[in-house]
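K.L.:
First, the structure itself, so that you have it in front of you.
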Amino acid sequence: MAKTTPSTTMIQEHLKSLGLTKYESLVYIALLQVDGATATEIHEISGVPRASVYPVLDKLSKKQVVNVTTASPKRFAATPPDEAIDSLIARITQDSAAVKNELTAIYEERSSMNHAERQEMIWNIHGIENLNSRAVDQIRSAESEVAIINGKTLMTRPIRDAIRALGPEVTVEIITTGSQGRDDIPTNAQELVIGMIPHPVNVPGEKEPPCIIIIDRRRVMAFVSNANVPSALYSESPGFVSLFTGYWNFVRGHVPIP
């Protein structure tokens, strides 16, 4: 019976990532040590239970990492490692492509739902890295319009860079507060300076009006100003979007006319 060494254990872990079970790995490693072996001999060399050897060999044969003779009794031999690994990788690639297509179909079916079918889902996002990542992704996806209420909060560099990368077909308006313009606003965005952002009671936030990003009037990210940990609400649901686009229009109406 073969002993399990640290090296064998490590190899088993690597083979596991290629789709082999513990018993499959033990049988394949055992067969690499001999020119060929019967099921009984494989049981003795690998330590795999006798009743499990044939089912394991059948699976390994289907994965093209074990060859079998037609002699009686049957003898089994390991496929050379370079061929076996290539076969396992090809199998994973094929399975990955298949599952990717299936998952994409599920995702596209969700995306094709009409507003009546879509759930009013609102996502909570926590942590500055997650906030920046989601904001950047949404800005990059803009097709025609980005509307931002930024208040006194400085724009983070990832958000500024995402805005700068937008093409001329995307209109960017950023409402800020103060008596003069800010130097952190990208040059391809129109800054709309307002003395104080009005805060309707139906919009979340206790101390400061929330900073919000509206993309194409279809997606909204609203930052929660009074949270101990930086956080935001994100949603594509019609009700949520309608609330904040209405808030944007309300605040936009208070911007002084030049």
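K.L.:
How much accessible area does K100 have with a 1.4 Å probe, in Å² rounded to the nearest 10?
P.N.:
Roughly 140 Å² of K100 is accessible to a 1.4 Å probe.
K.L.:
Hey, another quick one. So how far apart, in nm, are the two label points at H14 and D58 if each is 7 Å from Cα heading toward Cβ?
P.N.:
It is 3.0 nm.
K.L.:
Hey, what do the phi angles of the range 35-48 turn into as Karplus ³J(HN,Hα) couplings, whole Hz, using 6.51/-1.76/1.60 and θ = phi - 60°, x for Gly and Pro?
P.N.:
After applying 6.51 cos²θ - 1.76 cosθ + 1.60, I find 6, x, 7, 7, 4, 5, 5, 5, 4, 5, 6, 8, x, 6 Hz.
K.L.:
Here's something else I'd like to know. What list of ³J(HN,Hα) values in whole Hz, one per residue of the range 71-83 in order, does the Karplus curve 6.51 cos²θ - 1.76 cosθ + 1.60 (θ = phi - 60°) give from phi, with Gly and Pro shown as x?
P.N.:
After applying 6.51 cos²θ - 1.76 cosθ + 1.60, I find 5, 10, x, 5, 10, 10, 9, 7, 5, x, x, 5, 6 Hz.
K.L.:
Amide H neighbours of T79 under 5 Å, at least 5 residues apart or on other chains, H built in the peptide plane: list them.
P.N.:
Residues meeting the amide H criterion: V66, N67.
K.L.:
Which far-off residues, 5 or more places away or on another chain, put their amide H under 5 Å from the one on T171, with H placed in the peptide plane?
P.N.:
Answer set, sorted by chain and number: E145, V146.
K.L.:
Also, I was wondering about something else. What figure in square angstrom, to the nearest 10, would you give for the accessible area of E83 with a 1.4 Å probe?
P.N.:
For E83, solvent-accessible area is about 110 Å².
K.L.:
Heavy atoms only, 1.4 Å probe, whole protein assembly: order M121, M155 by accessible area, highest first.
P.N.:
Of M121, M155, the descending order of accessible area is M121, M155.
K.L.:
Using amide H atoms built 1.01 Å from N in the peptide plane, name the residues 5+ places from S237, or on other chains, whose amide H lies under 5 Å from its own.
P.N.:
The list, which skips near neighbours in sequence, is M121.
K.L.:
Taking 0.36 nm per residue of sequence separation and subtracting the Cα-Cα distance, how much length would be gained by fully extending the chain between V68 and A97, in nm to one decimal?
P.N.:
Details: separation 29, 0.36 × 29 = 10.44 nm, distance 2.96 nm.
In short, 7.5 nm is gained.
K.L.:
Could you give me the ³J(HN,Hα) list for the range 159-168, computed from phi with Karplus coefficients 6.51, -1.76, 1.60 and θ = phi - 60°, whole Hz, x at Gly and Pro?
P.N.:
5, 4, 5, 5, 5, 4, 7, 5, x, x
K.L.:
For I89, what is the net charge nearby, where nearby means another residue's Cβ is under 15 Å from its Cβ and Lys, Arg count +1, Asp, Glu -1? Don't jump to the answer; show the numbers that get you there.
P.N.:
Values: positive: K16, K63, R91; negative: D82, E83, D86, D95.
Net local charge, I89 excluded: -1.
K.L.:
Can you give me the solvent accessible area of D137 with a 1.4 Å probe, rounded to the nearest 10 Å²?
P.N.:
For D137, solvent-accessible area is about 80 Å².
K.L.:
Which whole-number percent is the relative contact order of the range 23-115 (Cα, under 8 Å, 6+ apart)? Please list the in-between numbers first.
P.N.:
On the way: 85 pairs, mean separation 23.3, N = 93.
Relative contact order here is 25 percent.
The values are calculated or read from the model by the stated rules, or taken from the named source; none is laboratory data. Just so it is clear, the model here is predicted, and its values are computed rather than measured. Note that we place each Cβ from the backbone using ideal geometry, even for glycine, and neighbour counts take in every protein chain shown. All accessible areas refer to the heavy atoms of the entire protein, side chains included, with ligands and DNA or RNA removed. Shrake-Rupley method; radii C 1.70, N 1.55, O 1.52, S 1.80 Å.
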